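Here is the structure we will look at, set down as C-alpha coordinates.
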Amino acid sequence: MKLQIFPGAPYLRARSAGLTQFLPGRGVASPESRCQHGAARGARGWASRCWLHTAARAASLALNVSVQGGWGEPSAVPRLSCSGGGSCGSILGSRALKPLLPASLSASCRAKMATEGLHENETLASLKSEAESLKGRLEEERAKLHDVELHQVAERVEALGQFVMKTRRTLKGHGNKVLCMDWCKDKRRIVSSSQDGKVIVWDSFTTNKEHAVTMPCTWVMACAYAPSGCAIACGGLDNKCSVYPLTFDKNENMAAKKKSVAMHTNYLSACSFTNSDMQILTASGDGTCALWDVESGQLLQSFHGHGADVLCLDLAPSETGNTFVSGGCDKKAMVWDMRSGQCIQSFETHESDINSVRYYPSGDAFASGSDDATCRLYDLRADREVAIYSKESIIFGASSVDFSLSGRLLFGGYNDYTINVWDVLKGSRVSILFGHENRVSTLRVSPDGTAFCSGSWDHTLRIWA
(Lines give C-alpha, C1' and ligand atoms only; values in the text may rest on other atoms or scores of the structure.)
Protein backbone atom coordinates (compact mmCIF):
# COMPACT_ATOMS: atom_id res chain seq x y z
CA MET A 1 0.00 0.00 0.00
CA LYS A 2 1.62 3.25 -1.08
CA LEU A 3 0.44 6.55 0.32
CA GLN A 4 1.47 9.78 -1.31
CA ILE A 5 0.83 12.95 0.64
CA PHE A 6 1.09 16.30 -1.10
CA PRO A 7 1.23 19.04 1.56
CA GLY A 8 0.42 22.70 1.15
CA ALA A 9 2.90 25.40 0.24
CA PRO A 10 5.79 26.39 2.52
CA TYR A 11 5.29 29.49 4.61
CA LEU A 12 7.49 31.83 2.61
CA ARG A 13 5.88 31.09 -0.74
CA ALA A 14 2.40 31.10 0.73
CA ARG A 15 3.09 34.38 2.46
CA SER A 16 4.23 36.04 -0.73
CA ALA A 17 0.99 34.96 -2.38
CA GLY A 18 -1.18 36.06 0.52
CA LEU A 19 -2.21 32.51 1.36
CA THR A 20 -0.88 32.09 4.88
CA GLN A 21 -4.35 31.37 6.25
CA PHE A 22 -4.14 27.90 4.74
CA LEU A 23 -1.13 26.87 6.84
CA PRO A 24 -2.09 24.52 9.71
CA GLY A 25 -0.26 23.88 12.96
CA ARG A 26 1.10 26.41 15.39
CA GLY A 27 0.10 29.47 13.44
CA VAL A 28 2.12 31.85 11.36
CA ALA A 29 4.09 34.91 12.29
CA SER A 30 6.02 37.56 10.47
CA PRO A 31 9.78 37.08 10.17
CA GLU A 32 10.36 39.97 12.57
CA SER A 33 8.33 38.32 15.33
CA ARG A 34 10.10 34.98 15.19
CA CYS A 35 13.36 34.12 16.92
CA GLN A 36 16.71 34.14 15.13
CA HIS A 37 15.36 31.62 12.67
CA GLY A 38 12.96 34.29 11.44
CA ALA A 39 10.74 33.63 8.49
CA ALA A 40 12.12 30.18 8.02
CA ARG A 41 10.99 29.19 11.51
CA GLY A 42 7.46 29.97 10.36
CA ALA A 43 7.80 27.44 7.61
CA ARG A 44 6.70 24.49 9.69
CA GLY A 45 6.31 21.69 7.20
CA TRP A 46 2.81 20.29 7.03
CA ALA A 47 4.17 16.97 5.81
CA SER A 48 6.35 16.46 8.89
CA ARG A 49 3.38 17.21 11.17
CA CYS A 50 0.79 15.27 9.19
CA TRP A 51 -1.30 13.16 11.56
CA LEU A 52 -1.40 10.18 9.24
CA HIS A 53 2.35 10.26 8.64
CA THR A 54 3.13 10.55 12.36
CA ALA A 55 0.69 7.81 13.34
CA ALA A 56 2.02 5.40 10.75
CA ARG A 57 5.56 6.03 11.90
CA ALA A 58 4.69 5.67 15.57
CA ALA A 59 2.97 2.36 14.95
CA SER A 60 6.05 1.10 13.08
CA LEU A 61 4.00 0.11 10.08
CA ALA A 62 5.79 -1.09 7.00
CA LEU A 63 3.73 1.18 4.80
CA ASN A 64 5.59 2.82 1.99
CA VAL A 65 4.84 6.45 2.77
CA SER A 66 6.48 9.05 0.59
CA VAL A 67 6.04 12.66 1.56
CA GLN A 68 6.42 15.00 -1.36
CA GLY A 69 6.38 18.72 -0.71
CA GLY A 70 5.33 20.99 -3.49
CA TRP A 71 3.52 24.09 -4.51
CA GLY A 72 -0.04 23.23 -5.27
CA GLU A 73 -3.41 24.78 -4.81
CA PRO A 74 -3.66 25.75 -1.12
CA SER A 75 -7.16 24.43 -0.68
CA ALA A 76 -6.39 21.02 -2.12
CA VAL A 77 -6.70 18.05 0.23
CA PRO A 78 -3.96 15.42 0.52
CA ARG A 79 -4.07 13.00 -2.40
CA LEU A 80 -3.41 9.39 -1.44
CA SER A 81 -3.15 6.60 -3.97
CA CYS A 82 -3.35 2.86 -3.44
CA SER A 83 -0.94 0.63 -5.32
CA GLY A 84 -3.39 -2.27 -4.99
CA GLY A 85 -5.84 -0.86 -7.48
CA GLY A 86 -8.66 -0.59 -4.94
CA SER A 87 -10.71 2.28 -3.64
CA CYS A 88 -8.39 3.06 -0.73
CA GLY A 89 -7.43 6.39 -2.23
CA SER A 90 -10.97 7.70 -2.24
CA ILE A 91 -11.40 6.72 1.39
CA LEU A 92 -8.10 8.07 2.69
CA GLY A 93 -8.29 11.17 0.54
CA SER A 94 -10.88 12.88 2.70
CA ARG A 95 -9.69 15.86 4.70
CA ALA A 96 -11.00 14.30 7.92
CA LEU A 97 -8.67 11.30 7.41
CA LYS A 98 -11.33 8.85 8.59
CA PRO A 99 -10.41 5.44 10.02
CA LEU A 100 -9.71 2.75 7.46
CA LEU A 101 -12.78 0.90 6.25
CA PRO A 102 -11.67 -2.70 5.68
CA ALA A 103 -14.64 -3.55 3.50
CA SER A 104 -13.61 -0.95 0.93
CA LEU A 105 -9.90 -1.78 0.81
CA SER A 106 -8.42 -3.59 -2.15
CA ALA A 107 -7.50 -7.23 -1.73
CA SER A 108 -3.75 -6.56 -1.97
CA CYS A 109 -3.96 -3.85 0.70
CA ARG A 110 -5.92 -6.09 3.05
CA ALA A 111 -3.40 -8.88 2.50
CA LYS A 112 -0.49 -6.51 3.26
CA MET A 113 -2.23 -5.34 6.42
CA ALA A 114 -2.73 -8.94 7.51
CA THR A 115 0.92 -9.85 6.98
CA GLU A 116 2.01 -6.85 9.04
CA GLY A 117 -0.27 -7.70 11.95
CA LEU A 118 -2.78 -4.89 11.37
CA HIS A 119 -6.21 -6.31 12.22
CA GLU A 120 -9.32 -5.11 10.49
CA ASN A 121 -10.76 -3.48 13.62
CA GLU A 122 -7.58 -1.46 14.25
CA THR A 123 -7.13 2.12 13.12
CA LEU A 124 -4.04 4.23 12.92
CA ALA A 125 -5.38 6.26 15.85
CA SER A 126 -5.55 3.19 18.10
CA LEU A 127 -2.05 2.15 17.06
CA LYS A 128 -0.76 5.63 17.80
CA SER A 129 -2.36 5.47 21.23
CA GLU A 130 -0.71 2.12 21.87
CA ALA A 131 2.66 3.49 20.79
CA GLU A 132 2.30 6.44 23.17
CA SER A 133 1.45 4.02 25.97
CA LEU A 134 4.58 1.97 25.29
CA LYS A 135 6.62 5.15 25.17
CA GLY A 136 5.26 6.14 28.58
CA ARG A 137 6.25 2.79 30.04
CA LEU A 138 9.77 3.18 28.68
CA GLU A 139 10.04 6.60 30.32
CA GLU A 140 8.88 5.09 33.61
CA GLU A 141 11.62 2.45 33.43
CA ARG A 142 14.20 5.14 32.63
CA ALA A 143 12.98 7.21 35.61
CA LYS A 144 13.59 4.29 37.98
CA LEU A 145 17.32 4.64 37.29
CA HIS A 146 17.20 8.31 38.28
CA ASP A 147 18.45 7.79 41.82
CA VAL A 148 20.32 11.03 42.53
CA GLU A 149 20.60 14.59 41.20
CA LEU A 150 23.83 16.06 39.87
CA HIS A 151 23.87 18.90 42.41
CA GLN A 152 23.56 16.32 45.23
CA VAL A 153 26.63 14.49 43.98
CA ALA A 154 28.49 17.81 43.79
CA GLU A 155 27.60 18.97 47.32
CA ARG A 156 31.19 18.57 48.54
CA VAL A 157 32.65 20.35 45.52
CA GLU A 158 33.85 23.84 46.33
CA ALA A 159 31.54 26.54 45.02
CA LEU A 160 32.77 29.02 42.46
CA GLY A 161 33.57 32.49 43.70
CA GLN A 162 32.42 35.74 42.14
CA PHE A 163 34.11 36.60 38.91
CA VAL A 164 33.75 39.37 36.36
CA MET A 165 33.87 39.09 32.59
CA LYS A 166 33.98 42.22 30.46
CA THR A 167 33.63 43.03 26.79
CA ARG A 168 37.15 43.33 25.35
CA ARG A 169 36.26 43.84 21.68
CA THR A 170 33.15 44.90 19.80
CA LEU A 171 32.93 43.91 16.14
CA LYS A 172 30.79 46.28 14.09
CA GLY A 173 30.10 45.90 10.40
CA HIS A 174 26.93 43.92 9.84
CA GLY A 175 23.88 45.87 8.72
CA ASN A 176 21.34 43.59 10.32
CA LYS A 177 20.87 40.81 12.87
CA VAL A 178 23.87 38.54 13.49
CA LEU A 179 22.57 34.98 13.26
CA CYS A 180 25.62 32.71 13.55
CA MET A 181 29.37 32.74 14.21
CA ASP A 182 32.29 30.33 14.53
CA TRP A 183 35.94 30.44 15.62
CA CYS A 184 38.90 29.44 13.51
CA LYS A 185 41.24 26.86 15.01
CA ASP A 186 43.98 29.55 15.09
CA LYS A 187 42.06 31.11 18.03
CA ARG A 188 42.15 34.50 16.36
CA ARG A 189 39.78 34.66 13.41
CA ILE A 190 36.00 34.59 13.50
CA VAL A 191 33.40 34.10 10.79
CA SER A 192 29.91 35.53 11.24
CA SER A 193 26.71 35.55 9.17
CA SER A 194 23.81 37.94 9.26
CA GLN A 195 20.32 38.71 8.05
CA ASP A 196 21.91 41.37 5.83
CA GLY A 197 23.04 38.56 3.50
CA LYS A 198 26.74 38.97 4.30
CA VAL A 199 29.36 36.64 5.72
CA ILE A 200 32.35 38.40 7.30
CA VAL A 201 35.72 37.01 8.44
CA TRP A 202 37.13 39.05 11.34
CA ASP A 203 40.51 39.41 13.04
CA SER A 204 39.40 39.32 16.68
CA PHE A 205 42.64 40.95 17.88
CA THR A 206 42.41 44.04 15.70
CA THR A 207 38.63 43.95 14.89
CA ASN A 208 39.55 44.31 11.20
CA LYS A 209 37.47 42.65 8.49
CA GLU A 210 39.63 40.30 6.43
CA HIS A 211 37.00 38.96 4.03
CA ALA A 212 33.39 39.75 3.19
CA VAL A 213 31.06 37.66 1.05
CA THR A 214 27.64 38.76 -0.17
CA MET A 215 25.28 35.82 -0.39
CA PRO A 216 22.47 35.56 -2.99
CA CYS A 217 19.88 35.67 -0.19
CA THR A 218 19.27 37.33 3.15
CA TRP A 219 18.97 35.38 6.39
CA VAL A 220 22.34 33.61 6.25
CA MET A 221 21.51 31.41 9.22
CA ALA A 222 24.58 29.15 9.34
CA CYS A 223 28.32 29.54 8.99
CA ALA A 224 31.36 27.46 9.98
CA TYR A 225 35.14 27.57 9.75
CA ALA A 226 37.01 24.64 8.19
CA PRO A 227 39.48 22.89 10.54
CA SER A 228 42.42 24.01 8.40
CA GLY A 229 41.27 27.63 8.46
CA CYS A 230 41.46 27.75 4.67
CA ALA A 231 37.73 27.77 3.93
CA ILE A 232 34.36 28.75 5.34
CA ALA A 233 30.89 27.30 4.80
CA CYS A 234 27.60 29.16 4.99
CA GLY A 235 23.95 29.01 3.94
CA GLY A 236 20.42 29.97 4.86
CA LEU A 237 17.20 30.61 3.01
CA ASP A 238 18.81 29.60 -0.28
CA ASN A 239 18.54 25.96 0.98
CA LYS A 240 22.23 25.44 0.11
CA CYS A 241 25.49 25.08 1.95
CA SER A 242 28.22 26.88 0.04
CA VAL A 243 31.95 26.60 0.68
CA TYR A 244 34.31 29.51 -0.02
CA PRO A 245 38.11 29.06 -0.03
CA LEU A 246 40.06 31.78 1.79
CA THR A 247 43.23 33.31 0.35
CA PHE A 248 45.63 36.04 1.41
CA ASP A 249 44.81 38.04 -1.72
CA LYS A 250 42.10 40.44 -0.57
CA ASN A 251 41.45 41.54 -4.16
CA GLU A 252 40.51 38.04 -5.28
CA ASN A 253 36.86 37.44 -6.06
CA MET A 254 35.76 34.83 -3.51
CA ALA A 255 32.32 34.45 -5.06
CA ALA A 256 33.93 33.12 -8.24
CA LYS A 257 35.42 30.21 -6.31
CA LYS A 258 32.20 29.36 -4.46
CA LYS A 259 31.29 25.68 -4.40
CA SER A 260 27.71 24.59 -3.68
CA VAL A 261 28.09 21.44 -1.63
CA ALA A 262 24.73 20.66 -0.04
CA MET A 263 21.17 21.11 -1.27
CA HIS A 264 18.17 20.72 1.02
CA THR A 265 14.48 21.15 0.29
CA ASN A 266 14.14 23.84 2.95
CA TYR A 267 16.31 26.45 4.67
CA LEU A 268 19.76 25.55 6.03
CA SER A 269 19.75 26.04 9.81
CA ALA A 270 23.23 24.80 10.81
CA CYS A 271 26.45 23.44 9.33
CA SER A 272 29.70 22.08 10.71
CA PHE A 273 32.82 20.58 9.17
CA THR A 274 33.84 17.18 10.48
CA ASN A 275 37.44 16.57 11.56
CA SER A 276 38.66 17.43 8.05
CA ASP A 277 37.90 19.92 5.31
CA MET A 278 36.54 17.14 3.10
CA GLN A 279 33.19 16.47 4.80
CA ILE A 280 30.49 18.72 6.18
CA LEU A 281 27.35 18.13 8.27
CA THR A 282 24.22 20.17 7.65
CA ALA A 283 20.85 20.58 9.35
CA SER A 284 17.74 21.91 7.67
CA GLY A 285 14.18 23.05 8.07
CA ASP A 286 13.15 20.03 5.99
CA GLY A 287 13.52 17.94 9.16
CA THR A 288 16.74 16.17 8.18
CA CYS A 289 20.49 16.29 8.74
CA ALA A 290 22.97 15.21 6.09
CA LEU A 291 26.66 14.43 5.62
CA TRP A 292 28.24 15.65 2.37
CA ASP A 293 31.50 15.25 0.50
CA VAL A 294 32.86 18.76 -0.03
CA GLU A 295 34.85 18.04 -3.18
CA SER A 296 32.17 16.23 -5.17
CA GLY A 297 29.04 17.54 -3.43
CA GLN A 298 27.84 13.95 -3.06
CA LEU A 299 25.44 13.02 -0.28
CA LEU A 300 27.25 10.49 1.93
CA GLN A 301 24.61 9.90 4.60
CA SER A 302 21.21 11.30 5.52
CA PHE A 303 19.62 11.33 8.97
CA HIS A 304 15.83 11.09 9.23
CA GLY A 305 13.98 11.04 12.53
CA HIS A 306 13.01 14.54 13.58
CA GLY A 307 9.34 15.35 13.24
CA ALA A 308 9.87 19.04 12.45
CA ASP A 309 12.54 21.61 11.56
CA VAL A 310 16.07 20.76 12.73
CA LEU A 311 17.55 23.95 14.19
CA CYS A 312 21.00 22.98 15.48
CA LEU A 313 23.69 20.32 15.56
CA ASP A 314 27.08 19.71 17.16
CA LEU A 315 29.79 17.20 16.35
CA ALA A 316 31.25 15.02 19.11
CA PRO A 317 34.60 16.50 20.24
CA SER A 318 36.60 13.26 20.03
CA GLU A 319 38.79 13.06 16.94
CA THR A 320 37.80 9.44 16.51
CA GLY A 321 34.15 10.08 17.32
CA ASN A 322 31.49 9.27 14.79
CA THR A 323 28.48 10.80 16.48
CA PHE A 324 26.72 14.15 16.54
CA VAL A 325 23.70 15.59 18.32
CA SER A 326 20.86 17.61 16.81
CA GLY A 327 17.88 19.51 18.18
CA GLY A 328 14.75 20.90 16.61
CA CYS A 329 11.20 22.17 16.72
CA ASP A 330 9.87 18.74 17.76
CA LYS A 331 11.44 19.37 21.23
CA LYS A 332 13.77 16.40 20.72
CA ALA A 333 17.54 16.15 21.05
CA MET A 334 18.81 13.18 19.06
CA VAL A 335 22.25 11.54 18.97
CA TRP A 336 23.23 10.04 15.62
CA ASP A 337 25.76 7.50 14.36
CA MET A 338 27.36 9.08 11.29
CA ARG A 339 28.33 5.71 9.82
CA SER A 340 24.94 4.01 9.92
CA GLY A 341 22.69 7.07 9.78
CA GLN A 342 20.72 5.73 12.75
CA CYS A 343 19.56 7.59 15.84
CA ILE A 344 21.20 5.89 18.83
CA GLN A 345 19.75 8.05 21.63
CA SER A 346 16.83 10.44 21.90
CA PHE A 347 15.83 12.87 24.66
CA GLU A 348 12.50 14.66 24.87
CA THR A 349 12.21 16.66 28.10
CA HIS A 350 12.11 20.21 26.76
CA GLU A 351 8.74 21.90 26.49
CA SER A 352 9.50 23.97 23.39
CA ASP A 353 11.87 24.27 20.41
CA ILE A 354 15.52 23.37 21.02
CA ASN A 355 17.60 26.22 19.60
CA SER A 356 21.12 25.06 20.47
CA VAL A 357 23.03 21.92 21.45
CA ARG A 358 26.66 21.63 22.53
CA TYR A 359 28.78 18.66 23.62
CA TYR A 360 30.53 18.62 26.97
CA PRO A 361 34.33 18.82 26.42
CA SER A 362 34.78 15.12 27.31
CA GLY A 363 32.05 14.08 24.87
CA ASP A 364 30.13 12.15 27.57
CA ALA A 365 27.28 14.66 27.83
CA PHE A 366 25.72 17.59 26.03
CA ALA A 367 23.75 20.71 26.89
CA SER A 368 20.75 22.20 25.14
CA GLY A 369 19.04 25.59 25.16
CA SER A 370 15.36 25.99 24.43
CA ASP A 371 12.53 28.47 23.99
CA ASP A 372 11.11 27.08 27.25
CA ALA A 373 13.64 29.36 29.06
CA THR A 374 15.77 26.47 30.32
CA CYS A 375 19.13 24.92 29.56
CA ARG A 376 19.48 21.21 30.26
CA LEU A 377 22.33 18.74 30.64
CA TYR A 378 22.03 15.17 29.32
CA ASP A 379 24.45 12.41 30.30
CA LEU A 380 24.91 9.97 27.44
CA ARG A 381 26.19 7.17 29.68
CA ALA A 382 23.25 7.45 32.08
CA ASP A 383 20.90 7.94 29.10
CA ARG A 384 18.94 10.69 30.85
CA GLU A 385 18.71 14.34 31.76
CA VAL A 386 20.83 15.09 34.84
CA ALA A 387 20.43 18.86 35.37
CA ILE A 388 18.17 21.81 34.54
CA TYR A 389 19.53 25.35 34.57
CA SER A 390 16.68 27.77 35.13
CA LYS A 391 15.29 30.44 37.45
CA GLU A 392 11.76 31.73 37.91
CA SER A 393 12.95 35.19 36.93
CA ILE A 394 14.12 33.91 33.53
CA ILE A 395 11.11 33.89 31.24
CA PHE A 396 12.82 34.33 27.86
CA GLY A 397 14.16 31.53 25.70
CA ALA A 398 17.79 30.42 25.47
CA SER A 399 19.07 30.77 21.92
CA SER A 400 22.63 29.49 22.28
CA VAL A 401 24.78 27.52 24.75
CA ASP A 402 28.44 26.54 25.09
CA PHE A 403 30.79 25.12 27.73
CA SER A 404 33.99 26.54 29.11
CA LEU A 405 37.11 24.58 28.25
CA SER A 406 37.09 22.83 31.64
CA GLY A 407 33.37 22.08 31.43
CA ARG A 408 32.66 23.73 34.79
CA LEU A 409 30.83 26.71 33.29
CA LEU A 410 27.90 26.79 30.90
CA PHE A 411 27.30 30.02 28.98
CA GLY A 412 23.79 30.67 27.76
CA GLY A 413 22.67 33.47 25.45
CA TYR A 414 19.06 34.54 26.02
CA ASN A 415 16.39 36.51 24.23
CA ASP A 416 16.28 39.09 27.04
CA TYR A 417 19.63 40.51 25.80
CA THR A 418 21.67 38.84 28.57
CA ILE A 419 24.22 36.04 28.87
CA ASN A 420 23.80 33.83 31.93
CA VAL A 421 26.76 31.88 33.27
CA TRP A 422 25.88 28.65 35.11
CA ASP A 423 27.88 26.41 37.42
CA VAL A 424 27.42 23.06 35.67
CA LEU A 425 27.89 20.96 38.82
CA LYS A 426 26.00 23.08 41.34
CA GLY A 427 23.25 24.14 38.93
CA SER A 428 23.42 27.73 40.18
CA ARG A 429 23.84 30.94 38.20
CA VAL A 430 27.19 32.57 38.95
CA SER A 431 27.06 35.62 36.72
CA ILE A 432 24.92 37.69 34.37
CA LEU A 433 26.61 39.55 31.51
CA PHE A 434 25.04 42.71 30.12
CA GLY A 435 26.07 44.63 27.04
CA HIS A 436 24.01 43.59 24.04
CA GLU A 437 21.04 45.75 23.10
CA ASN A 438 18.95 42.99 21.55
CA ARG A 439 18.57 39.23 21.85
CA VAL A 440 21.76 37.15 21.91
CA SER A 441 21.47 34.81 18.93
CA THR A 442 24.79 32.94 18.91
CA LEU A 443 27.64 32.21 21.32
CA ARG A 444 30.89 30.24 21.04
CA VAL A 445 33.89 29.77 23.34
CA SER A 446 37.31 30.20 21.69
CA PRO A 447 39.38 27.04 21.04
CA ASP A 448 41.90 27.96 23.76
CA GLY A 449 39.15 28.75 26.28
CA THR A 450 40.45 32.23 27.13
CA ALA A 451 37.46 34.11 25.72
CA PHE A 452 34.08 33.68 24.10
CA CYS A 453 32.25 35.56 21.38
CA SER A 454 28.57 36.40 21.25
CA GLY A 455 26.48 37.65 18.34
CA SER A 456 23.27 39.59 18.67
CA TRP A 457 20.31 41.05 16.85
CA ASP A 458 21.84 44.45 17.70
CA HIS A 459 24.07 43.90 14.60
CA THR A 460 27.27 43.44 16.65
CA LEU A 461 29.53 40.73 17.99
CA ARG A 462 31.24 41.01 21.37
CA ILE A 463 34.34 39.23 22.64
CA TRP A 464 34.31 38.61 26.37
CA ALA A 465 37.28 37.68 28.57
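Once ligands and nucleic acids are excluded and a 1.4 Å probe is used, how much of residue 461 is accessible, expressed in Å² to the nearest 10?
Here the residue's solvent-accessible area equals roughly 0 Å².
Would you give the gap between the C-alpha center of region 371-428 and the C-alpha center of region 269-304, rounded to a whole Å?
Taking the Cα centre of each part, region 371-428 and region 269-304 sit 27 Å apart.
For a test of the definition: using alpha carbon positions, the gyration tensor, and the 1.5 limit on a/c, classify region 135-204 as rounded, prolate or oblate. Write out the running numbers ahead of the final one.
Values: a/c = 3.61, a/b = 1.79, b/c = 2.01.
Because a/c hits 1.5 or more and a/b fails to exceed b/c, region 135-204 counts as oblate.
When ranked by the protection proxy of mean other Cβ atoms within 10 Å per residue, highest first, what sequence do the peptides 414-423, 285-294 form?
Details: 414-423: 20.2, 285-294: 23.2.
The packing order, highest mean first, is 285-294, 414-423.
Put +1 on the Cβ of each Lys and Arg and -1 on the Cβ of each Asp and Glu in region 182-332; which of 245, 206, 306 then has its Cα farthest toward the positive end of the dipole?
206
Would you list 339, 429 from the most to the least accessible area, probe 1.4 Å? Let's see the in-between values first.
Values: 339 160, 429 75 Å².
Result, largest first: 339, 429.
Can you give me the relative contact order of region 119-259 as a percent, contacts being Cα pairs under 8 Å and 6 or more apart?
On the way: 209 pairs, mean separation 19.2, N = 141.
The normalised contact order for region 119-259 reaches 14 percent.
Compute the distance in nm between two label points, each set 7 Å from the Cα along the Cα-to-Cβ direction, one at residue 391 and one at residue 275.
Distance between label points: 4.0 nm.
Can you pull the percent of Cα pairs in region 226-325 with separation above 23 Å?
On the way: 1187 of 4950 pairs.
Cα-Cα pairs of region 226-325 separated by over 23 Å account for 24 percent.
Whenever you get a sec, compute what percent of the accessible area on region 306-465 sits on carbon and sulfur atoms (1.4 Å probe). Walk me through the numbers on the way to the answer.
Values: 2420 of 5280 Å².
Using a 1.4 Å probe with all protein chains present, region 306-465 comes out at 46 percent carbon and sulfur.
Can you compute the label reach from residue 160? Point 7 Å from Cα along the Cβ direction, backbone N cut-off under 16 Å, restricted to region 344-370.
360-362, 367-368
Run the reach check for residue 426 against lysines, Cα to Cα strictly under 24 Å, same-chain hits fewer than 8 apart removed. What comes back?
Output for residue 426: 144, 166, 391.
Sticking with the crude label model, points 7 Å out along Cα→Cβ, report the distance from residue 405 to residue 230 in nm, one decimal please.
2.6 nm
Return the subset of 135/240; 259/331; 172/332; 198/332; 185/257 for which the Cα-Cα distance in this structure is over 24 Å, preserving the input order. Intermediate results must be reported in sequence, preceding the final value.
Details: 135/240 36 Å; 259/331 33 Å; 172/332 35 Å; 198/332 31 Å; 185/257 22 Å.
From the list (135/240; 259/331; 172/332; 198/332; 185/257), the Cα-Cα distance tops 24 Å for 135/240; 259/331; 172/332; 198/332.
Any idea how far apart residue 434 and residue 209 come out in nm if each label point goes 7 Å out from Cα toward Cβ?
3.1 nm
Heads up, I need the accessible area for residue 384: 1.4 angstrom probe, whole protein in place, Å², nearest 10.
30 Å²
What number results when the radius of gyration of region 332-465, computed over Cα atoms, is divided by 2.2 N^0.38 Å? Don't jump to the answer; show the numbers that get you there.
Details: Rg = 14.4 Å, N = 134, 2.2 N^0.38 = 14.1 Å.
My calculation over the Cα atoms of region 332-465 gives 1.02.
Write down the radius of gyration of region 304-409 and its Dmax, each obtained from C-alpha positions, in Å.
Spelled out, the Cα radius of gyration and Dmax of region 304-409 are 13.0, 43 Å.
Want the number for residue 348 to residue 186: 0.36 nm per residue separation, take away the alpha-carbon distance, what's left? Working shown, then result.
Values: separation 162, 0.36 × 162 = 58.32 nm, distance 3.62 nm.
Between residue 348 and residue 186, full extension yields an extra 54.7 nm.
Take every Cα pair under 8 Å in region 217-325 that's 6+ residues apart, average their separations, divide by the length, and report that relative contact order as a whole percent. Let's see the in-between values first.
On the way: 267 pairs, mean separation 21.4, N = 109.
Averaging sequence separation for qualifying contacts and normalising by length gives 20 percent for region 217-325.
Could you run the Debye sum over the Cα atoms of region 154-280, one equal point scatterer each and no solvent, and tell me log10 of I(q)/I(0) at q = 0.12 Å⁻¹, two decimals?
The calculated log intensity ratios at q = 0.12 Å⁻¹ are -0.48.
Solvent-accessible area of residue 260, probe 1.4 Å, all protein chains present, reported in Å² to the nearest ten, please.
60 Å²
Let me know the volume per residue of the alpha-carbon convex hull for region 199-250, in Å³. Don't skip to the end; give the middle numbers.
Values: hull volume 4.6 nm³, N = 52.
Taking only Cα atoms, region 199-250 has a hull volume of 89 Å³ per residue.
Subtracting the Cα-Cα distance from 0.36 nm times the residue separation, let me have the gained length for residue 131 to residue 381 in nm, one decimal.
Details: separation 250, 0.36 × 250 = 90.00 nm, distance 2.54 nm.
Computed gain between residue 131 and residue 381 is 87.5 nm.
The values are calculated or read from the model by the stated rules, or taken from the named source; none is laboratory data. Just so we're clear, the structure is a prediction, and the values are computed from it rather than from any experiment. Glycine gets a Cβ as well: all are built from the backbone with ideal geometry, and neighbour counts include every protein chain shown. To get the accessible areas, we keep the full protein, side chains included, count just its heavy atoms, and leave off ligands, DNA and RNA. Shrake-Rupley method; radii C 1.70, N 1.55, O 1.52, S 1.80 Å.
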